[in-house]
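Encoded as structure tokens, the structure appears first; notes follow it.
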């Protein structure tokens, strides 16, 4: 095997030093009847060249979005990614390290996480961020549980305009701890939750109310009304945000959010069929900061007084508190958080603003062009950012297959979430006017 | 590692007006932002991101990387973490646009290659574990534990035995085991270890009962020891109506040699970033798929991939618990595990485990005269020493760990498992050459000498690292969790 350096001679030497004849002698603690006597039923080994060929064949069976033009979003976005990111994040010192348990030789990872935490605080307007979590959906579930622990209440209020898969994840996490959920319907005309929906919720029992901004349909919710109802009832406001939108939108901190989560795929990470990504979680106030799940990096000094970074507030965590920990989470998504940090740094203050601005302009341009197509309309009236829903009595699955033949990946038909005739489009700064125009013209032809 | 200069924060390199990346010019007609978004929704000031050139960013992170130890830099015998070599070809093949640039909501017909990979990887993990059906959704080992426990809970509920809420866990278990139990509302019942480092079978017999949901076990356990009573343990738990959960953190010891399914386990999670060599990335991303027995497959999170004719399709199991994260898990991570399995084949995987176990025993045998070995028996892929002899001489395990940094090594896992006083847990892995093992043995012996002759050398270590010992209690007492402009 090419990754095993042990030679026959060395193996003999080792066996001899142990006073045994065969490697099998090391496995006698395993009851004999449990030891396999045949090879595992797996394919024969491939050389590196064969492996590369095999993967190329697998990859060719997929329509990738480098060679097609995509308008899919719904939680995974095709943004421009500066070339330098893969070279820097791919350095072996980052790639092949583990959780920085020995801070004296892992300042690289620790400082990059400290910078990441600072960048997330800048975007969200919150005081503290953890070192990242699995993804946005699980970060939201953890935030809801954190709110329950902080308020000692056991009801979470979720908007039905939240991404359906995020709803599923939150539901499962909460159900496992016997926490109840109340749902806020969205208004069928605006597509966002209006204050009337707050009636009938037993607010005195609510640990938190969640709002996704922009919501699953790409629409901007009126967060101020969520804040008011939360504040009036001693519940926390949990915001699930799209980080790119924070280049333009008021920060959750300014809006009075208590906990903010989101998915960081759009910050320089590959779509990768949905993973890996990272979930971020940020909060304010000592009480909530000490209830955060996950790893956290803090600044300190060494014995010479030199500034350095360490994992901190570890008494919240599973390896110390075991069943009393704030969560079972052990790892973070350090490499994806590093990518997000490099992305935000190289985009910088102005570049990041441009990304948000271009998404807004291009998405609006495409929305306006689509609703001019006969048979298509905009079903919701609330303002949009990078995504929007279009309505049309069209077999969208079929249309998408036809579009694929022309190198386009159409929007997401929402029939899979029980919303027939609706389709969700995403337009990032990576799309060009020419692509948008060609797409709209082609679509017009297909559905007329 | 030689002493290297520390690096300022990226924010401290910022110069107002400097830019690192430019987008193409906007090519659609512009509309005033306030025509699109009500003014009260907009922020007054852009987030204060750094203003740096691309070169400055490249240098910054390159310099940071040089302050970091990784497997690529040197030996990393961090017990229970399986820090083996991460083949670079895996980075290449998973960067192909056909894998890295596909969207999770593309029509299934346009991502058949991805589904094929997922389907086959699920099959391979079933073969390796001796169980039946896989979900690739969990993003890490602890996430796999959580998922597995949710499945066990669903199983008992469906049988009208939702009152089974006690999960038995050995005192040597990883902290994630009890923490995962708490996440599903299970009560943790701790079973003590016997004098051979395994589960105390008689104690276990006394702990099971009508409320037993199951037992979580790592085998080989966190002492690096295979529990030879596993058949009896499985029988006791099953007879009591419980299920057996296998924490696959230590699966690097048994690939192709024994299978959790054959030992009686019903649910297994694998840490693909350990056993199957996907890079640890400084703390993640990992992947923690679980494999279950056929009768538990109905509860798995969905969707999972099935093969219908020559097409691969997503299917949600009949009584699925729901979802533990969005989309299909850490696809680009588990694709590397797939590559690892394909490049090793059945005999290669067996050789991996055999070599890992041989390496660990070789090192243990060469160190046990200078460090206390609490359980002196053949180990599996790792072993646990104790620093109690050195403690008497005035240097603790922490000091030994810090001294190792001076010699260019990452330290072993220390103070875990908690059942061993002053624990030093060493996992060499199979990918290290014998010369590295020998050098490390020499250094460990030299440090034992130093502890005897000059413990101060250890107490003040590390001496040669970019930074000295850091004040962790100060960090926790006065948390500074972000940079603020002075």
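The values are calculated or read from the model by the stated rules, or taken from the named source; none is laboratory data. Source: prediction; values computed, not measured. FYI the Cβ positions are ideal-geometry reconstructions off the backbone, even for glycines, and counts take in every protein chain you see.
List pairs: first residue in the stretch A:75-94 and more than 7 Å from chain B (Cβ to nearest Cβ), second residue modelled with pLDDT under 95 and part of a loop (DSSP other than H, G, I, E, B) anywhere in the structure, Cβ distance under 6 angstrom, at least six positions apart or on different chains. Qualifying pairs under 6 Å: A:78/A:65. Filtering the stretch A:101-128 to residues that are more than 7 Å from every other protein chain (Cβ to nearest Cβ), outside any helix (DSSP H, G or I) and crowded, with 24+ Cβ neighbours inside 10 Å leaves only A:126. Taking the listed residues B:184, B:208, B:127, B:201, the one that is closer than 13 Å to residue B:290 by Cα and out of contact with any strand residue (DSSP E or B) (no Cβ under 6 Å at 6 or more places or on another chain) is B:127, with no other qualifying. Only one of the listed residues (B:241, B:288, B:256, B:283) is part of a loop (DSSP other than H, G, I, E, B), at pLDDT 95 or above, facing chain A (nearest Cβ under 10 Å) and surrounded by fewer than 24 Cβ atoms within 10 Å (Cβ to Cβ). That residue is B:256.
To keep it simple, each residue is scored yes or no on (1) in contact (Cβ under 8 Å) with a residue 12 or more places away in the chain; (2) more than 7 Å from every other protein chain (Cβ to nearest Cβ); (3) outside any helix (DSSP H, G or I); (4) in contact with a helix residue (DSSP H, G or I) (Cβ under 9 Å, 6 or more places away or on another chain).
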{"residue": "B:30", "(1), (2), (3), (4)": "no, no, yes, yes"}
{"residue": "B:45", "(1), (2), (3), (4)": "no, yes, yes, no"}
{"residue": "B:50", "(1), (2), (3), (4)": "yes, no, yes, yes"}
{"residue": "B:56", "(1), (2), (3), (4)": "yes, yes, no, yes"}
{"residue": "B:60", "(1), (2), (3), (4)": "yes, yes, no, yes"}
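Of the residues that make up the stretch B:358-374, is at least one surrounded by fewer than 24 Cβ atoms within 10 Å (Cβ to Cβ), free of Cβ contacts under 8 Å to residues at least 12 places away in the same chain and not in a helix (DSSP H, G or I)? Within the stretch B:358-374 (the criterion being surrounded by fewer than 24 Cβ atoms within 10 Å (Cβ to Cβ), free of Cβ contacts under 8 Å to residues at least 12 places away in the same chain and not in a helix (DSSP H, G or I)), the answer is yes, since at least one residue qualifies. Against the criterion of being closer than 30 Å to residue A:137 by Cβ and out of contact with any helix residue (DSSP H, G or I) (no Cβ under 9 Å at 6 or more places or on another chain), residue A:65 does not qualify.
Restrict the check to the stretch A:319-333 and report whether at least one residue is in the same structural domain as residue A:216 (by TED's automatic domain parsing) and at pLDDT 95 or above. Scanning the stretch A:319-333, I find at least one residue that is in the same structural domain as residue A:216 (by TED's automatic domain parsing) and at pLDDT 95 or above, so the answer is yes. Inclusion of residue A:154 among residues that are in contact (Cβ under 8 Å) with a residue 60 or more places away in the chain and either under 21 Å from residue A:220 (Cβ atoms) or more than 8 Å from every other protein chain (Cβ to nearest Cβ) (or both) is not warranted. Out of all the residues in the stretch B:323-330, is one or more more than 9 Å from every other protein chain (Cβ to nearest Cβ) and either modelled with pLDDT of 95 or more or buried (at least 17 other Cβ atoms within 10 Å of the Cβ) (or both)? The answer is no, given that none of the residues of the stretch B:323-330 is more than 9 Å from every other protein chain (Cβ to nearest Cβ) and either modelled with pLDDT of 95 or more or buried (at least 17 other Cβ atoms within 10 Å of the Cβ) (or both).
Do the conditions hold for residue A:350, that is, is it facing another protein chain (nearest Cβ under 7 Å), more than 30 Å from residue A:190 (Cβ to Cβ), part of a helix (DSSP H, G or I) and out of contact with any strand residue (DSSP E or B) (no Cβ under 9 Å at 6 or more places or on another chain)? Yes; evaluated as a whole, the condition is true for this residue.
Looking at the stretch B:266-276, can you tell me whether even one residue there is under 28 Å from residue A:114 (Cβ atoms) and at the interface with another protein chain (Cβ under 7 Å from one of its Cβ atoms)? Checked against the condition, which is being under 28 Å from residue A:114 (Cβ atoms) and at the interface with another protein chain (Cβ under 7 Å from one of its Cβ atoms), the stretch B:266-276 yields no hits at all.
Applying the criterion of being buried (at least 24 other Cβ atoms within 10 Å of the Cβ) and assigned to a helix (DSSP H, G or I) to the residues of the stretch A:313-340, the residue that is farthest from the chain's Cα centre (by Cα) is A:318. Every listed requirement among (1) facing chain B (nearest Cβ under 10 Å); (2) under 26 Å from residue A:219 (Cβ atoms); (3) surrounded by fewer than 21 Cβ atoms within 10 Å (Cβ to Cβ) is met by residue A:277 save one, (3).
Kindly check whether there is at least one residue in the stretch B:436-446 that is assigned to a loop (DSSP other than H, G, I, E, B) and over 29 Å from residue A:281 (Cβ atoms). The answer is no; no qualifying residue exists. In this structure, residue A:60 does not qualify as more than 7 Å from chain B (Cβ to nearest Cβ) and surrounded by 12 or more Cβ atoms within 10 Å (Cβ to Cβ).
Residues that are at the interface with chain A (Cβ under 7 Å from one of its Cβ atoms), in a helix (DSSP H, G or I) and in contact (Cβ under 8 Å) with a residue 40 or more places away in the chain do not occur anywhere in the stretch B:471-485. Do we find that residue A:244 is over 12 Å from residue A:143 (Cβ atoms), in the same structural domain as residue A:103 (by TED's automatic domain parsing), under 18 Å from the mean Cα position of the chain (by Cα) and surrounded by 23 or more Cβ atoms within 10 Å (Cβ to Cβ) in this structure? In short, yes. All of A:225, A:266 fail the test of being surrounded by fewer than 24 Cβ atoms within 10 Å (Cβ to Cβ) and assigned by TED's automatic domain parsing to the domain that holds residue A:153, apart from A:225. Here the stretch B:70-102 is the region considered, the condition is being facing chain A (nearest Cβ under 7 Å) and in contact with a strand residue (DSSP E or B) (Cβ under 6 Å, 6 or more places away or on another chain), and the residue that is surrounded by the most Cβ atoms within 10 Å (Cβ to Cβ) is B:102.
Taken together, the residues in the stretch A:176-189 that are in contact (Cβ under 8 Å) with a residue 40 or more places away in the chain and buried (at least 17 other Cβ atoms within 10 Å of the Cβ) amount to 0.
Looking at A:309, A:357, A:343, just one residue is more than 7 Å from chain B (Cβ to nearest Cβ), more than 22 Å from the chain's Cα centre (by Cα) and at pLDDT 95 or above, and that residue is A:309.
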